[in-house]
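Peer 1: Take this structure, written in structure tokens, and hold onto it; I'll ask about it next.
The values are calculated or read from the model by the stated rules, or taken from the named source; none is laboratory data. Quantities reported herein were computed from a predicted structural model and do not represent experimental measurements. Reconstructed Cβ throughout: ideal geometry from the backbone, glycine too, with neighbour counts over all protein chains shown.
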Amino acid sequence: MNKQTDCFELSNGVKMPCVGFGTWQTPDGQVAEDAVLAAIQGGYRHIDTAAIYGNEESVGIGIKKSGVPREELFITTKLWNDSHEYAKVKTACAESLERLGLEYLDLYLIHWPNPPQYRADFVGSIQDTWKAMEELYAEGKVKAIGISNFLPHHMDAIKSVAKVIPMVNQIRLYPGFVDHDTIAYCRKENMIVQAYSPLGTGELLEAPALVEFAEKYKTTVAKLCLRWSLQMGFCPLPKSITKSRILDNIDIFDFEISGLDLEVLTNMKNFGEAGTDPDTASF
Ligand code: A2P
């Protein structure tokens, strides 16, 4: 990826701008609206939200205020854990579209594979849910479908019945926090890996080893982490509500990390929190 307008191509040919704007933990209301507007004005064309973030309405207002034509934007939202049933998926999607004020989504993801309320039969529930996702895709309500926080055994459950293999898996991913098995599975199945919390939710930014690396490349830790993501073939989704940082996080095309350093960054000790285990999560 050489410039902010470069895209990943999904398995169905849909183009996904290479850096997405994350909105997890962005407060609903003016903050989310302003952040999304600043992001789009600053050049982002890919916005990521979720029903559970509680900010879809404000994200939608920011999108509308930008005045950028809908077809130039790539908008993702996610199905929450209370709707892993065939009959609930379409309603949940319609409600997200309504809150966002959109006619269609570019990407709709199952947010988590194994919520407690469906855990007794997670395979059956994922398969049921995926069937409805495939129908949304066939109806054109969503231009691409995918998953988030899925590990190989969850992806197996989909693969055994899928007519359409997920086009994306969005996982927690940053230097030192790399699930090689999940990534290898995605690559084999032609799924693009999106990186959420690409800055380790901000925890990486002061890590001395990363500060040293950033100095070597005359950049910041944030930009180093995002550049690492792109060079590794991942689509980073940095979140910020600060205009200067929003602009910085997409200005990552003027340096190149060496192959050796990519490897060192990949294998760094984990600076962030441990991730959430989807099979034991309480939500
Ligand atoms: P803020 O939103 O207050 O600007 P992640 O994308 O990994 O979840 O990280 C998000 C966190 O990192 C937020 O706390 C955000 O702060 C902070 N952040 C985002 N971009 C930068 C940046 N370029 N420099 C420093 N902190 C950043």
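Peer 1: Filter the stretch 25-45 down to residues that are outside any helix (DSSP H, G or I) and out of contact with any Asp or Glu (no Cβ under 8 Å at 6 or more places or on another chain) and give me whichever is nearest to Ser197 (Cα to Cα). If you could, list the steps in order and put the result at the bottom.
Peer 2: Narrowing the stretch 25-45 to residues outside any helix (DSSP H, G or I): 25-29, 42-45.
Pick out the ones that are also out of contact with any Asp or Glu (no Cβ under 8 Å at 6 or more places or on another chain) and you get 25-27, 29, 42-44.
Details: Gln25: 11, Thr26: 13, Pro27: 16, Gly29: 22, Gly42: 20, Gly43: 20, Tyr44: 17 Å.
If we take residues in the stretch 25-45 being outside any helix (DSSP H, G or I) and out of contact with any Asp or Glu (no Cβ under 8 Å at 6 or more places or on another chain), then Gln25 is nearest to Ser197 (Cα to Cα).
Peer 1: Separate question: From the residues in the stretch 246-256 that are in a loop (DSSP other than H, G, I, E, B) and more than 9 Å from Arg227 (Cα to Cα), which one is farthest from the ligand (Cβ to nearest atom)? Write out each step before concluding.
Peer 2: Here is the first cut: in the stretch 246-256, the ones in a loop (DSSP other than H, G, I, E, B) are 249-256.
Narrowing the set further to residues that are more than 9 Å from Arg227 (Cα to Cα) leaves 249-251, 254.
Values: Asn249: 5, Ile250: 10, Asp251: 10, Asp254: 15 Å.
Per the stated criteria, the residue is Asp254.
Peer 1: Separate question: Can you give me the number of residues within the stretch 132-180 that are among the charged types (D, E, K, R) and within 15 Å of Asp277 (Cα to Cα)?
Peer 2: Of the residues in the stretch 132-180, 2 are among the charged types (D, E, K, R) and within 15 Å of Asp277 (Cα to Cα).
Peer 1: Between a first residue in the stretch 187-210 that is in contact (Cβ under 8 Å) with a residue 24 or more places away in the chain and assigned to a strand (DSSP E or B) and a second residue that is small (Gly, Ala, Ser) and more than 13 Å from the ligand (Cβ to nearest atom), which pairs have beta carbons less than 9 Å apart while being 6 or more apart in sequence or on different chains?
Peer 2: Ile192/Ser11; Ile192/Gly146; Ile192/Gly233; Val193/Gly233; Gln194/Gly146; Gln194/Ser148; Tyr196/Ser148
Peer 1: Restricting to the stretch 9-43, what's the tally of residues that are within 13 Å of the ligand (Cβ to nearest atom) and either of a type outside the set (Gly, Ala, Ser) or surrounded by 23 or more Cβ atoms within 10 Å (Cβ to Cβ) (or both)? Give the steps one after another, and end with the answer.
Peer 2: Taking the stretch 9-43 as the starting set, the residues that turn out to be within 13 Å of the ligand (Cβ to nearest atom) are 19-27, 31-32, 34-36, 38-39, 42.
Next cut, either of a type outside the set (Gly, Ala, Ser) or surrounded by 23 or more Cβ atoms within 10 Å (Cβ to Cβ) (or both) only: 19-27, 31-32, 34-36, 39.
Total satisfying the criteria: 15.
Peer 1: Let me ask something additional. Considering the stretch 10-24 alone, what residues qualify as being in contact with a Lys or Arg (Cβ under 6 Å, 6 or more places away or on another chain) and either at positive phi or not in a loop (DSSP other than H, G, I, E, B) (or both)?
Peer 2: Scanning the stretch 10-24 gives Pro17, Gly22.
Peer 1: Of all residues in the stretch 174-198 being within 10 Å of the ligand (Cβ to nearest atom) and closer than 15 Å to Gln231 by Cα, which is surrounded by the most Cβ atoms within 10 Å (Cβ to Cβ)?
Peer 2: Step one: of the stretch 174-198, the residues within 10 Å of the ligand (Cβ to nearest atom) are 174, 195-198.
Next, only the ones that are closer than 15 Å to Gln231 by Cα stay: 174, 195, 198.
Numbers: Tyr174: 27, Ala195: 26, Pro198: 29.
Residue satisfying both the conditions and the ranking: Pro198.
Peer 1: Out of all the residues in the stretch 228-245, is one or more in contact (Cβ under 8 Å) with a residue 40 or more places away in the chain, part of a helix (DSSP H, G or I), within 15 Å of the ligand (Cβ to nearest atom) and not hydrophobic (A, V, I, L, M, F, W, C)?
Peer 2: Yes: the stretch 228-245 contains one or more residues that are in contact (Cβ under 8 Å) with a residue 40 or more places away in the chain, part of a helix (DSSP H, G or I), within 15 Å of the ligand (Cβ to nearest atom) and not hydrophobic (A, V, I, L, M, F, W, C).
Peer 1: While we're on this one: Of everything in the stretch 257-283, what is closer than 21 Å to Leu205 by Cβ, modelled with pLDDT of 95 or more and part of a loop (DSSP other than H, G, I, E, B)? Give them in sequence order.
Peer 2: Hit for the stretch 257-283 is Ile257, nothing else.
Peer 1: Take the stretch 44-97 and flag every residue that is touching a residue at least 40 places away in the same chain (Cβ under 8 Å), among the β-branched types (Val, Ile, Thr) and farther than 19 Å from Ile147 by Cα.
Peer 2: Within the stretch 44-97, Val59, Ile61 qualify.
Peer 1: Kindly list the number of the only condition in (1) out of contact with any Pro (no Cβ under 9 Å at 6 or more places or on another chain); (2) among the aliphatic types (A, V, I, L, M); (3) within 16 Å of the ligand (Cβ to nearest atom) that fails for Val168.
Peer 2: Only one criterion in (1) out of contact with any Pro (no Cβ under 9 Å at 6 or more places or on another chain); (2) among the aliphatic types (A, V, I, L, M); (3) within 16 Å of the ligand (Cβ to nearest atom) is unmet by Val168, namely (3).
Peer 1: Also: Please count how many residues of the stretch 245-265 are loosely packed, with under 13 Cβ neighbours inside 10 Å and in contact with a Lys or Arg (Cβ under 7 Å, 6 or more places away or on another chain).
Peer 2: Total satisfying the criteria: 1.
Peer 1: Show the residue pairs meeting these rules: Cβ distance below 6 Å; 6+ apart or different chains; first residue within the stretch 106-133 and farther than 19 Å from Val164 by Cβ; second residue of a type in the set (Phe, Trp, Tyr).
Peer 2: Listed pairs, sorted by first residue: Asn114/Phe122.
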